[in-house]
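None of the figures in this text is laboratory data; all of them are computed from the coordinates on show. Only a predicted model underlies this, so the values are computations on that prediction, with no experimental measurement involved. Here the Cβ positions follow ideal geometry from the backbone for every residue, glycine too, while neighbour counts run over all protein chains shown.
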Amino acid sequence: MTVSWNRIPQVEHAAETTLERRGRALPEVPRPLLAHGLGRSYGDVCLNPGASLLHTPGLDRFVAFDPATGILRAEAGLSLDALLRFAVPRGWFPPVVPGTRFVTLGGAVANDVHGKNHHQAGSFGDHVLALTLRRSDGQLLEITPQGHPEWFAATVGGLGLTGLIETVTLQLAPVRSAWMRAWSERFDSLDEFWELNARGEREWPYTVAWIDCLNPGRDGRVGRGIYSAARHATTAPRKAAWREPRRSIPLDPPVSLVNRFTLRAFNHLYYRQPVHATPRAVHHQPWLFPLDAIRHWNRIYGHQGFYQYQCVLPPHAAQDGVQALLDTIAASGQGSFLAVLKTFGARAAPGMLSFPRPGATLALDFPKKGQATERLFARLDAIVQEAGGALYPAKDARMPATMFRTGFPCWEAFADYVDPEFSSGFWRRVTA
Ligand SMILES: Cc1cc2nc3c(=O)[nH]c(=O)nc-3n(C[C@H](O)[C@H](O)[C@H](O)COP(=O)(O)OP(=O)(O)OC[C@H]3O[C@@H](n4cnc5c(N)ncnc54)[C@H](O)[C@@H]3O)c2cc1C
C-alpha cells in the first residue's frame, strides 16, 4: 500500500504501475490515473484511492545539459538529490529547493514547490523553461511558458492532474561551491522576528525562522524562535569536510513519540541551541535539508500518522494572523516540533493553482489526536479564511472543499485542463 509522507490517509489503489520508459502510451490500468513521485507530499494530492498510481522514479534519465548556460533537460522522475550530485560539482544548483532533496522534478513542478529563497527566486515553476506532457489520448504536448502559456500555467502547480509530465527543462543557478555562508539569531517575540526578517530578506537570498510554538517569550506570548539566513559561498572552507549522516528511525514505535512533554522539552532545548550571529561556512545539505539527516523521521508519529498544517496569509493580515494562529495552537497544547515561518516575495506565481503568493507562510506538524486535532484545525481554518489566506494542497489531508475553492479561486478555470483520465484523492475531495 502506497501512503504519503504523513501516512494519512491509508488507502488501497486498484493498480500501481512503475514507469521506466518515456515516449510510451499510458499503461492499460484502471482509470483514473495519477503520477506518483517520491511521495513526499503530506496527504492525498499524490494518492488515488481505488484507482491507479503511475510510479515515476524510474523515469530518471538526464536528457541534455549545457555546462555553459546551466540549462538541463531530464526525465521527470529524476530526484533533486540526483540532480544535486550531478550539478553541484559542475558549478550549478537547482534554483529553488524545498526542505527535502528527496522529491522528483515532476513533483516539484506539480506542486510548484517553494524554498527558503522565495523572496528572491520565486517558486520552482519560475525556472522551468519547457515541459513535455503525456495526455491520456496519446498526445505529447511540448509546453513552454511563451508558446503555451495556458497549458504551462495549468501544469505548473497543477497537482498532477493535467497528465503525465515526462520531461522538465530547467534553468539552473550558478554556484561556486557546495557550501553556504549562514548566520542565525534568537528572537524573543514575533515583533522581533518581523524586524529581523525585514533586514534579512533585503540582504540574504535564503531566510527562514523556526518558532517555539509552546513556550512563551518574555512578553508571555508564543512567538520566540531562531532566525537563519544564508547565501551560497564563493569558496569552500580550507578544511572543508562534510559527511552525510546515516541516522534513521528503523521502525514504527507502537505509539507516537510526540506528546505534550516531548514537544515542550524539544522546543525548549532547540531554542537554547548555539546561534552564530557572524556568518560561517555550512554545507548546503544540513542548512537546506535539515530533516534529511534522519531517514524515515516521519515514523516518530507511529503508524497512525500526523498532519502538517501549512497556510499562507496575505501581507496586510500576516502579523496579526500569525500571532493569532500561534496563540490558538499554544492554548490547545498541541504543538509542533517543526514550526517554520517564512515570508514569500511579491512575485506573481506561475501556476493557476500555485500556493506561493505574497505574504507569510507558517507550517506546523501535529500528531493525529482525533477530535481534539479536528477542533484545533477548525479554529485555525477560521483565522486563515478571515485573513484571506489559503492552505497548501501538497501538505493537506483534510481541508474543507470550501476552503480550497476560496483559497484557489482559479480552480474552475483550471478544471478545463484536467486530463479526463486523471484524478486524485485530493481533487475528488475538494471538488465533490
Ligand atoms: C521534509 C519535507 C520538507 C518539505 N519542504 C517543502 C518546502 O520547503 N516547500 C515546498 O513547496 N514543499 C515542501 N515539501 C513538500 C514536497 O516538496 C512536495 O510535496 C513535492 O511535490 C513532493 O515531490 P514528490 O516527487 O515526492 O511528489 P509526490 O508527493 O509523489 O507527488 C506530488 C504531486 O506531484 C504529482 N506528480 C509527481 N510526478 C509527476 C509527473 N511526472 N507528472 C505529473 N505529476 C506528477 C503527483 O501526482 C502529485 O500531485 C516538503 C516535504 C517534506 C517531506
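The GNM of the chain, with springs linking C-alpha atoms under 10 angstrom apart, assigns the highest mean-square fluctuation among L164, L353, L19 to L19. Per residue, the convex hull around the alpha carbon atoms of the range 29-74 comes to 99 Å³.
Quick one: among L38, L251, L214, which has the greatest mean-square fluctuation in a GNM of the chain with alpha-carbon springs under 10 angstrom? Result for the chain, Cα springs under 10 Å: L251 fluctuates most.
The mean of 1/r over all pairs of different alpha-carbon atoms in the range 277-367, once inverted, gives a Kirkwood hydrodynamic radius of 15.6 Å. Using a simple spin-label model with pseudo-atoms 7 Å out from Cα toward Cβ, M1 and D219 lie 4.6 nm apart. Maximal additional length on extending the R199-A265 stretch stands at 20.7 nm, based on 0.36 nm per residue less the C-alpha distance.
Projecting label points 7 angstrom from Cα along Cα→Cβ for Q371 and A415 puts them 3.4 nm apart.
Under a model in which nothing but the beta-carbon of Lys, Arg (+1) and Asp, Glu (-1) is charged, the range 62-175 shows a dipole of about 340 debye around its Cα centre.
Annotation: the antiparallel percentage among DSSP beta bridges lying fully within the chain is about 85. Springs between Cα atoms under 10 Å define the GNM used for the chain, and in it the highest mean-square fluctuation of A265, A130, A229 occurs at A265. Taken over the chain, the convex hull of the Cα atoms encloses 137 Å³ per residue.
If you place +1 on the Cβ of every Lys and Arg and -1 on the Cβ of every Asp and Glu, how big does the dipole about the Cα centre of the chain come out, in debye to the nearest 20?
1520
Dividing the radius of gyration of the alpha carbons in the range 204-303 by their Kirkwood radius gives 1.02 for Rg/Rh.
Estimated from helices alone, the mean residue ellipticity of the chain at 222 nm is -7000 deg cm²/dmol (sum of -39500 (n - 2.57) over DSSP H runs with n ≥ 4, per residue).
With the largest listed first and rounded to whole Å, the semi-axes of the equivalent ellipsoid of the range 62-175 from the Cα gyration tensor are 22, 15, 13.
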